[in-house]
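Just below is one structure, and these are the notes that go with it.
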Amino acid sequence: MRGATAPWGRPSAPPARTGEPICGVNPHNPERTFSRRPFNNPSHIWTCQGTRSYFTLFLNVSVALVTGAASGIGQAIALAFIRESCRRIILIDLNSEGLQETKQLALEISSEVKVLICPCDISDEAAVNKVMETGMAKFGRLDYAVNCAGFPGGFAKTAEYVIEDFDRVQQVNVRGTWLCMKAQIQQMTKQTPLKPHKY
Ligand SMILES: NC(=O)c1ccc[n+]([C@@H]2O[C@H](COP(=O)([O-])OP(=O)(O)OC[C@H]3O[C@@H](n4cnc5c(N)ncnc54)[C@H](O)[C@@H]3O)[C@@H](O)[C@H]2O)c1
């Protein structure tokens, strides 16, 4: 039915077929329950708490990459990937100690997770390409990329702003993020897309 095709949309759920569970525990993430909803394709997919169907469906077989993963938003996103059942993740940051901390926290969430930590300055093209090479040698593909690494710069009015800060912001936040995206997109466009799994 039109308007009811999105898995997170209002379900117009038909009665479950005999013997078919319509809710239960997601085996990939036992802390979450799932419900089975009809989708516009004949197969069924699981939705975690009714909203995370695609995300969770693919995450357990996907490879994620997060830059700026040593702290703040990047660290929180990296850990969210693991909580949502991602089991292969590449973590990038300048700060090696912070990366170790994120890895430790990830392993506390799941001892099965494979974490590749890559200390790297994202404004350095050669370093970014090397990290991608290492990541692909280990995991073979890349499905999700979150580019959070950034230099906050100074907080000042333009007239008082320090030019070195301005240049660093451009180097890291603009050039660095672009370099990462370029390498990530190159990998993503040459690999075979994942297909939905029917459980
Ligand atoms: N937190 C906010 O409210 C907020 C708001 C707007 C924008 N931002 C921006 O979002 C980004 C992330 O914010 P956050 O709060 O997580 O900041 P954060 O400082 O906690 O994290 C940024 C991470 O990027 C890493 N990094 C910096 N330069 C790098 C480089 N050249 N190569 C690799 N890694 C590098 C840092 O080591 C750090 O771990 C920053 O660019 C920040 O300016 C944050």
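Summary table below
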| quantity | calculated |
| --- | --- |
| Residues located in segment 67-82, provided they are near the ligand (Cβ under 8 Å from one of its atoms), of a type outside the set (S, T, N, Q) and touching a strand residue (DSSP E or B) at 6+ places or on another chain (Cβ under 8 Å) | Gly68, Ala69, Ala70, Gly74 |
| Residue check for Asp143: in contact with a helix residue (DSSP H, G or I) (Cβ under 8 Å, 6 or more places away or on another chain) and of a type in the set (Asp, Glu) | yes |
| Where Ser85 falls short, out of the listed (1) more than 15 Å from the ligand (Cβ to nearest atom); (2) on the phi < 0 side of the Ramachandran plot | (2) |
| Answer residue from segment 63-86, given it is at pLDDT below 95 and over 10 Å from the mean Cα position of the chain (by Cα) and is nearest to Leu194 (Cα to Cα) among those | Ser85 |
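The values are calculated or read from the model by the stated rules, or taken from the named source; none is laboratory data. None of the values given here were measured: they were computed from a predicted structure. When we count neighbours, we look across all protein chains shown, and the Cβ atoms used for this are built from the backbone with ideal geometry, even at glycine.
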